[in-house]
Amino acid sequence: KVKEGGQIRHVFFDTGRDQLLAFMEACGVPGIPAEYDAGINRGLGVPSGFYHFAFEAGSVAALEERRQELLAKGVKVTEVVHHDAAKSIYFKDPNGLQLEYCCFTRDTGTEDDVRMQERFELSVQALGLEDTERLPPSHRRG
């Protein structure tokens, strides 16, 4: 309950491996609109996957288990994406925020790994970034 009026509902989802994802919903709280866009990426004019939450799955087998669990619940999930040092799956929450489960497939503690550099090439479709119709025309690729 909020002193100034209304209430805030706070929910935690266990994403595994001692990691939580929290959501808050305001109902009738002064200064918070009843309807708002929860997608940070749309507000910034970038594709949906640019800013997202990633959860460490623990192993390649656990990553595939998570994928199968999500698919069984009717969630649209990407195929496993092979990065140089990791594997990932991507999906969206009910608000359209992109989420990721990933696992490292090799040690990433070397000097070569800590520098920003081109590591691999993949398509925007593999990352779930193809929803460019939501972007302003100035931000869309030709």
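The values are calculated or read from the model by the stated rules, or taken from the named source; none is laboratory data. Only a predicted model underlies this, so the values are computations on that prediction, with no experimental measurement involved. Cβ placement follows ideal geometry from the backbone for every residue including glycine, while neighbour counts extend to all protein chains displayed.
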Contact list, first residue from the range 88-105 and on the phi > 0 side of the Ramachandran plot and free of Cβ contacts under 8 Å to residues at least 60 places away in the same chain, second anywhere and of a type in the set (S, T, N, Q) and part of a loop (DSSP other than H, G, I, E, B), beta-carbon distance below 9 Å, six or more apart or interchain, is Gly96/Ser48
Might you check whether a residue that is surrounded by 13 or more Cβ atoms within 10 Å (Cβ to Cβ) and at pLDDT below 60 occurs anywhere in the range 108-116?
-> yes
Within the range 52-92, of all residues that are among the acidic types (Asp, Glu) and within 19 Å of Arg17 (Cα to Cα), the one surrounded by the fewest Cβ atoms within 10 Å (Cβ to Cβ) is Glu69
Which numbered condition Val80 misses (of (1) of a type in the set (A, V, I, L, M); (2) touching an Asp or Glu at 6+ places or on another chain (Cβ under 8 Å); (3) free of Cβ contacts under 8 Å to residues at least 12 places away in the same chain) | (3)
Is there any pair linking a residue in the range 26-44 that is under 19 Å from His10 (Cβ atoms) to one that is among the small types (Gly, Ala, Ser) and outside any loop (DSSP other than H, G, I, E, B), with Cβ under 8 Å and at least six apart or on different chains, and which?
-> Ile32/Ala26
Of all residues in the range 1-57, which are of a type in the set (Asp, Glu) and at pLDDT 90 or above?
-> Glu4, Glu56
Those residues that are more than 16 Å from Leu97 (Cα to Cα), within 24 Å of the chain's Cα centre (by Cα) and surrounded by 10 or more Cβ atoms within 10 Å (Cβ to Cβ), I need them from the range 12-31; list them, please.
-> Gly16, Arg17, Gln19, Ala26
